[in-house]
Amino acid sequence: MSTGTGADSAPGHISTPSTPAPADRAAAAPAGKGSMFSSLRIRNYRLFATGQVVSNTGTWMQRIAQDWLVLSLTGSASAVGITIALQFLPMLMFGLYGGVLADRLPKRPLLLATQSAMGLTGIALAALTLAGQVQVWHVYLAAFALGLVTVVDNPARQTFVSEMVGKDQVANAVSLNSANFQSARLVGPAIAGVLITAVGSGWAFLLNGLSFAAPIAGLLMMRTHELHPVEPRPRAKGQLREGLRYVACRPELVWPIVLVGFIGTFGFNFPIWLSAYVSDVFHGDAGTYGLFNTLIAVGSLVGALLAARRGQSRLRVLVAAAVLFSVLLLVTAFAPGFWLFAALLVPIGIFGLTVNVTANSSVQMATDPEMRGRVMALFMMVFTGGTPLGAPLLGWITDTYGARIGMASGAVISLAASLAIAVVLARVGNLRLRVSRRGLTFVPAAPAPELVAAA
């Protein structure tokens, strides 16, 4: 873990003083610092970002409509949890193989195929719903099919960012991708709430399917000679094991992945909790559910823009954000009134997004380009692949003991994991906690007396 100097130090990576670790070299890159939108100067990235904001809006519409449709068909938070689990189960099962494919195949043609398939999935679910034939197993099947496509789409899309912008702009572009996603989250739930109330969920599914025309058009319009392509890896035995070994011997990769695994599995189950709060605690409707998701999106957008402006990714920011996210989740679980609960969703969004962006960009910058597909596949597998384990469990707790206990359970597990990893990072990095006017910071520990005597 990087110790730095003075009070500003924090766990960052493990290295010797004479040999900077990859995370240091990446963090020292000048790109993006002080320039919140620097990546948008690149034409190919502008096309990509424009297409993504359209499809992301459709994706959020479908997420809200899907959760509400399942709740309407079954009346069960556990059924919502099962739907979420099925959507992310393929990532848990096949995520690493998706990373191998992302390293072997050219990213742009691969994304054209995956984005087309995701659009067709939305259109198929729309046809069933608008025809009045939809059953809950249809939604389960569509969620699983979408998850299968995402296995390849996620690592390909994550690694294609560096091919569009170059290594100096990776941190800024990753942050802007999250800002893009959260901007759509502001609009998508609101539109979905209106559509569900006025004409039903089917139209939200249809618009989502059609929205994928925008990223497909953006990919086709790119100037390929302006990309920074990574040479695809030839097919060979042992590439999956090679990726795992690569991560295992690099603490600057291991600990962010472990931390986001716990947060993603136990702390990011908002569809379960919010739908339960709406139906059982506050007795609202689809509009209330959309409002809650919009408030989280407001916070997430702020968090993404702050990360883009920061331009650097440090593990101290990651750990601090994870702890604050977990504490806020616990406080929100027992908020006594509707408006206090709603207001607390904004800072939850800020710190939750900070965890995601900081971990994502620090892992990308610390990874060699030829290994990035497999590493990011492992990152996404751990971050989203844990959902099939956490969602049904927390859905059952929520159904059995109520929404407040369900959310509190996820918060307690996330907080325990965050604190434990903070301690591990400090011990491995030979750091100690110091209290100063700037708050709690990690600083290099004094050398042991026996080491001084030996020197």
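The values are calculated or read from the model by the stated rules, or taken from the named source; none is laboratory data. All values derive from a computational prediction rather than experimental measurement. Every residue, glycine among them, receives a Cβ derived from its backbone with ideal geometry; neighbour counts consider all protein chains shown. Heads up: the accessible areas ignore ligands, DNA and RNA and are worked out on the full protein's heavy atoms, side chains in. Shrake-Rupley method; radii C 1.70, N 1.55, O 1.52, S 1.80 Å.
Within the stretch 395-416, can you find the residues that are of a type outside the set (A, V, I, L, M) and open to solvent by 10 Å² or more (accessible area, probe 1.4 Å)? Hits for the stretch 395-416 are Trp396, Asp399, Thr400, Tyr401, Gly402, Arg404, Ser409. When the stretch 183-203 is filtered for residues that are within 23 Å of the chain's Cα centre (by Cα) and open to solvent by less than 10 Å² (accessible area, probe 1.4 Å), the ones remaining, listed by number, are Ala184, Gly188, Pro189, Ala192. Being among the small types (Gly, Ala, Ser) and surrounded by fewer than 23 Cβ atoms within 10 Å (Cβ to Cβ) is a description that applies to Gly218.
Mind checking whether some residue in the stretch 311-319 is in a helix (DSSP H, G or I), out of contact with any strand residue (DSSP E or B) (no Cβ under 7 Å at 6 or more places or on another chain), open to solvent by 10 Å² or more (accessible area, probe 1.4 Å) and without any contact (Cβ under 8 Å) to a residue 60 or more places away in the chain? No, the stretch 311-319 contains no residue that is in a helix (DSSP H, G or I), out of contact with any strand residue (DSSP E or B) (no Cβ under 7 Å at 6 or more places or on another chain), open to solvent by 10 Å² or more (accessible area, probe 1.4 Å) and without any contact (Cβ under 8 Å) to a residue 60 or more places away in the chain.
In this structure, Pro392 does satisfy being under 23 Å from Gln87 (Cβ atoms) and either surrounded by 24 or more Cβ atoms within 10 Å (Cβ to Cβ) or not β-branched (Val, Ile, Thr) (or both). Ala307 - would you say it is open to solvent by less than 10 Å² (accessible area, probe 1.4 Å), among the small types (Gly, Ala, Ser), in a helix (DSSP H, G or I) and under 16 Å from Ile257 (Cβ atoms)? Spelling it out, it is not the case that Ala307 is open to solvent by less than 10 Å² (accessible area, probe 1.4 Å), among the small types (Gly, Ala, Ser), in a helix (DSSP H, G or I) and under 16 Å from Ile257 (Cβ atoms). For the stretch 97-139, the set of residues classified as part of a loop (DSSP other than H, G, I, E, B), small (Gly, Ala, Ser) and closer than 19 Å to Val151 by Cβ is empty.
Among the residues of the stretch 63-78, some residue qualifies, meaning at least one is assigned to a helix (DSSP H, G or I), more than 17 Å from Phe379 (Cα to Cα) and modelled with pLDDT under 80.
One line per residue, one yes/no per condition, for (1) surrounded by fewer than 21 Cβ atoms within 10 Å (Cβ to Cβ); (2) of a type in the set (A, V, I, L, M); (3) within 15 Å of the chain's Cα centre (by Cα):
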site: Leu240; (1), (2), (3): yes, yes, no
site: Gly243; (1), (2), (3): no, no, no
site: Tyr246; (1), (2), (3): yes, no, no
site: Pro256; (1), (2), (3): no, no, yes
site: Thr265; (1), (2), (3): no, no, yes
site: Ile272; (1), (2), (3): no, yes, no
site: Gly284; (1), (2), (3): yes, no, no
site: Ile296; (1), (2), (3): no, yes, yes
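Taking the criterion of being open to solvent by 10 Å² or more (accessible area, probe 1.4 Å) and either modelled with pLDDT of 80 or more or not in a helix (DSSP H, G or I) (or both), the only residue of the stretch 167-179 that qualifies is Leu176.
A count restricted to the stretch 116-145 and to residues that are farther than 22 Å from Ala213 by Cα, open to solvent by less than 50 Å² (accessible area, probe 1.4 Å) and among the hydrophobic types (A, V, I, L, M, F, W, C) stands at 3.
Would you please name the residue that is nearest to Phe266 (Cα to Cα), looking only at residues in the stretch 320-345 that are of a type in the set (Val, Ile, Thr) and open to solvent by 40 Å² or more (accessible area, probe 1.4 Å)? So the residue we want is Val327. Looking across the stretch 354-370, the residues that are in contact with a Phe, Trp or Tyr (Cβ under 9 Å, 6 or more places away or on another chain) and buried (at least 23 other Cβ atoms within 10 Å of the Cβ) come down to Thr354, Val355, Asn356, Ala359, Asn360, Val363, Gln364, Thr367.
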